[in-house]
Structure formats: C-alpha cells, structure tokens
Amino acid sequence: MEKRKGKSLSKKLDIVQKSARRSLRRDILARRLKLQRELEYKRLKRIRSKYVPPYTHCKNCGTELKGMYCHNCGQYALDSRQPFWKYILQYFENVYQFDTKIWSTLWMLFRRPGFLTTEFNAGKIASYVHPMRLFMCITLLFFIGFFMFIGDTVDRAMSNLNSETIIDELEEASAEDYRAMSSIFDKDTVVAIAVDIEDVKRYPEVFDIIEYAAKDSLSEDNGSLDTVKVRMPSEYLGTFEYVEDWHGVGLYAAGAPQMDEKETLFIDGLFGVLSGYAPLFSLFLVPVMALMLKGLYRKKRMMYMNHLAFSLHWGCFFYIMTTLFIIAGELWHYNGLTWYVFLGINLLYTAIALHWVYGNDWAKTVLKTVLLYFVYLFIVIVLSAAFFAWAIYSQKDIMPSSIANW
C-alpha cells in the first residue's frame with residue numbers, strides 16, 4: 001500500500017510539474033506574440049505616417065507615385081506646406097536615417113538583451129536603426145563628451161598640482177614629524193609670504209615673524225591673506241611661488257604652477273590625437289569581439305556578420321552604460337559600489353544576450369560570458385596601451401624634456 005501511495009504521489013507531482021512547464025511555455029509564447037503584435041503595429045503606424053506621399057504624382061516628372069520616392073527620377077515626395085521644424089526632422093531622417101526608430105531601437109536594446117541581434121540576423125533590418133549606424137552615432141557622442149570631461153579634469157588637476165605649501169604640510173604632520181622638520185633646516189632666509197598670520201604663529205620653530213601687514217590685497221584671489229615677513233628655512237620656499245618684492249624682500253604666495261608653452265602644446269596635441277582616433281579605435285575593437293564570438297560558437301556555424309551584429313549592439317550598450325557609470329562616479333566619488341554595480345550589470349546583460357542569440361543552456365552561457373568578458377578586457381587593455389603609446393610617439397617633435405625623461 002505504501003509503495004502504491006508513493007507511486008501515486010510521484011505521478012501527481014510529475015503531472016503538476018508538466019502542467020507548470022506547459023503554463024510557463026504558454027506565458028512565454030503569449031509574451032512573444034504580444035511583443036510581435038506591438039512591433040508590427042508600430043511598423044504599420046510608421047509606414048502610414050512616413051511612407052504615404054502627400055500627393056499622387058511626382059512634382060518633378062509627373063510619374064504616378066507608389067511610395068515616398070519616385071521610381072522614375074528618384075525625387076522625394078516632400079510636402080512643401082509642412083512647418084519648418086519638419087524640414088529639419090526630414091533632413092536628419094534622410095541624411096542619418098534616424099527617425100522614431102532610434103527610440104524603439106534603444107528601448108529594445110535595454111529591454112530585451114540580444115533581441116535586436118536576433119531580429120537583424122533574421123533579416124528584419126528596416127524596423128530598427130542599422131547596428132553599424134547606431135554604433136557610430138553612440139560612440140561619436142560618447143567620445144565628444146568623454147574628452148570634454150577628461151579635459152576639464154586634467155585642467156583641474158594641473159591647477160592643483162604642487163599647490164600644497166609648507167603650512168599645509170605642517171598641519172598634516174604629526175608631533176614627531178614636526179619636530180624633525182623644524183630641527184633639520186636652519187632659518188637662513190628672510191622673505192614675505194601671503195598667508196594667514198595665525199597659521200604662521202602656530203609654528204615658531206619654523207617661522208620667526210619680523211613684521212606683517214594684515215590682509216594686504218595682492219590680488220583678488222589672495223586679498224583675504226596677511227602679508228608676513230618671516231625668517232624661515234630656504235628649503236621650504238619651493239612650496240611657494242614668487243609674486244613681487246615687498247619691503248626689500250621677495251614676496252611669495254601659494255600659486256598653481258604654470259606649464260610652459262611646449263608642455264601646453266604637447267598636451268593639446270596629445271588630446272587632439274586621442275580624441276580624433278578614439279572612435280576609429282573603438283570601431284576596430286568590434287571585429288575583435290566578433291572573431292572571439294566566432295571562435296566560441298564555431299559549432300553554431302553562423303556567418304561572421306551575425307557575430308559582428310552582436311558585437312555592435314553590445315558595444316552600444318557598453319558605451320551608454322559607461323556614460324552612466326561616469327555620471328554616477330562623479331556623484332558618488334567612484335566608490336567601490338559604483339564599479340561593482342557597473343561590472344555586474346555588464347556581465348548580466350552579456351550573459352542574457354548570448355543566451356538569447358546563440359541558444360546555449362545557462363551553464364555554458366555563463367562560462368562563455370566570463371571567458372569572453374575577461375579575455376576581451378585583457379585585449380582591450382593591451383591595445384589601448386599600444387594606442388596611447390602611439391599617440392605619445394606621434395607628438396615626439398613637441399615632447400617636452402620633462403616627459404621625455406620618464
């Protein structure tokens with residue numbers, strides 16, 4: 001009896017499991033059909049609004065129109081009575097072939113990883129922006145914004161370089177370091193420095209105050225500082241910048257170091273080379289990933305263009321996510337959480353996209369995702385280093401000696 005009950009219970013469990021699997025398949029099929037109906041509806045709506053000519057015969061040659069372009073002379077059926085903004089919109093649609101498809105393409109890129117590649121490989125090209133055109137547009141916008149951001153960051157870094165004075169070093173030093181600093185050097189020079197008088201009074205072992213002028217306005221930047229004539233070690237003058245003479249001695253203030261003309265030309269030239277060739281370099285990396293995919297999925301016997309389409313769509317997602325990562329890093333100071341979230345999202349997206357496009361089970365997909373991602377990352381680092389070295393070498397004629405001696 002117990003055996004019969006056990007068999008009966010196992011049969012009931014099998015029936016329940018099969019019923020659950022059939023229900024899951026029906027739900028998946030229903031979602032796919034719903035998505036296909038939505039896409040078809042949008043396609044027909046776009047055709048009705050974008051591809052129905054405003055008149056029946058071509059204005060140029062008089063041939064009866066069967067679409068937005070005359071099959072005899074090729075003229076576009078433009079509605080001359082439309083508002084000005086539509087002319088601008090049609091310019092971008094005709095030259096760059098960007099219309100409302102760009103938004104549905106970007107939406108599907110994020111909503112359904114790998115779906116756009118599957119549609120492209122199935123020959124459904126006109127319903128979405130072509131992957132090559134989409135990739136070129138996104139990378140161009142990314143690198144324009146990226147080098148503007150990097151340029152501002154470098155300018156801020158150079159303006160803050162070596163701006164820490166001996167006062168700042170003394171404030172950060174411990175008691176033992178302070179005693180060591182004050183005993184090493186002799187107070188062998190008399191100068192005037194633009195600082196807060198209270199800061200100087202805190203370190204009598206380093207500064208002997210001779211006289212001072214309260215809040216002597218040297219410039220708009222340091223008008224709130226005192227001008228203090230002190231006897232101090234000459235070795236510490238390197239942390240200040242000479243301004244002018246004051247009461248027979250040199251007046252020094254904390255100032256940003258200025259790059260000479262050759263260093264400025266070199267940095268500007270280097271950024272020019274990097275920003276000019278970076279989009280082409282990113283495009284060169286696309287066939288590299290496609291070759292790796294062809295090797296990983298050689299048993300699928302897919303054409304190289306199928307792998308290339310995946311690489312282009314993946315690259316579009318990567319550059320958009322990198323933009324969001326930079327924005328998030330600026331807001332949260334690039335803490336570890338931001339990096340791990342960025343890495344996790346990219347790995348998850350890649351795994352889902354590979355599973356959707358190539359149809360392997362999840363175990364193989366995850367393994368190939370990790371292998372693809374980190375081998376590709378290593379290749380990118382090596383090629384990027386070579387690219388950066390070439391960019392520096394291309395500026396060798398104007399390279400300053402301070403950089404050449406590295």
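The values are calculated or read from the model by the stated rules, or taken from the named source; none is laboratory data. Computed from a prediction, not measured in an experiment: that's the story for all the values here. Please note: Cβ atoms are built from the backbone with ideal geometry, for glycine as well, and neighbour counts cover all protein chains shown. Only protein heavy atoms, including side chains, enter the accessible area calculation; ligands, DNA and RNA are left aside. Shrake-Rupley method; radii C 1.70, N 1.55, O 1.52, S 1.80 Å.
Among residues belonging to segment 379-394 that are β-branched (Val, Ile, Thr) and at pLDDT 90 or above, point out the one that is most open to solvent (accessible area, probe 1.4 Å).
381
Is it the case that residue 186 is of a type in the set (Asp, Glu), exposed (fewer than 12 other Cβ atoms within 10 Å of the Cβ) and either at pLDDT 75 or above or touching a His at 6+ places or on another chain (Cβ under 7 Å) (or both)?
For residue 186, the condition - of a type in the set (Asp, Glu), exposed (fewer than 12 other Cβ atoms within 10 Å of the Cβ) and either at pLDDT 75 or above or touching a His at 6+ places or on another chain (Cβ under 7 Å) (or both) - is met.
Mind listing whichever residues of segment 227-238 are at pLDDT 80 or above and in contact with a helix residue (DSSP H, G or I) (Cβ under 6 Å, 6 or more places away or on another chain)?
The answer is 228, and nothing else.
Just to be sure before I move on: is residue 357 in contact with a Phe, Trp or Tyr (Cβ under 9 Å, 6 or more places away or on another chain) and open to solvent by less than 80 Å² (accessible area, probe 1.4 Å) in the structure I sent?
Yes, satisfied.
All but one of (1) farther than 14 Å from residue 274 by Cβ; (2) modelled with pLDDT of 90 or more; (3) loosely packed, with under 14 Cβ neighbours inside 10 Å hold for residue 397; which doesn't?
(2)
Within the group 148, 158, 132, which residue is part of a helix (DSSP H, G or I) and either at pLDDT 85 or above or within 30 Å of residue 247 (Cβ to Cβ) (or both)?
Residue meeting the stated conditions: 132.
Would it be correct to say that residue 370 is open to solvent by less than 60 Å² (accessible area, probe 1.4 Å) and either among the basic types (Lys, Arg) or under 16 Å from residue 293 (Cα atoms) (or both)?
No: the conditions fail for residue 370.
Report, ordered by the first and then the second residue, all pairs with beta carbons closer than 9 Å, sequence separation of six or more or different chains, a first member in segment 122-140 that is open to solvent by less than 50 Å² (accessible area, probe 1.4 Å), and a second member that is of a type in the set (Lys, Arg).
Qualifying pairs under 9 Å: 127/42; 127/43; 127/46; 127/101; 128/101; 129/101.
Surrounded by 15 or more Cβ atoms within 10 Å (Cβ to Cβ), modelled with pLDDT of 95 or more and not in a loop (DSSP other than H, G, I, E, B): which single residue out of 282, 275, 311 fits that description?
Selected residue: 311, the only one of 282, 275, 311 that is surrounded by 15 or more Cβ atoms within 10 Å (Cβ to Cβ), modelled with pLDDT of 95 or more and not in a loop (DSSP other than H, G, I, E, B).
Can you run down the residue pairs with Cβ atoms below 7 Å, 6 or more apart or on separate chains, where the first is in segment 369-389 and farther than 25 Å from residue 352 by Cα and the partner is open to solvent by 60 Å² or more (accessible area, probe 1.4 Å) and small (Gly, Ala, Ser)?
Filtered contacts from segment 369-389: no entries.
Within segment 106-113, does at least one residue satisfy the condition of being at pLDDT 85 or above and either over 30 Å from residue 32 (Cα atoms) or in a loop (DSSP other than H, G, I, E, B) (or both)?
yes
Of all residues being in contact with a helix residue (DSSP H, G or I) (Cβ under 8 Å, 6 or more places away or on another chain) and assigned to a loop (DSSP other than H, G, I, E, B) in segment 164-190, which is nearest to residue 234 (Cα to Cα)? Just the residue, please.
Per the stated criteria, the residue is 188.
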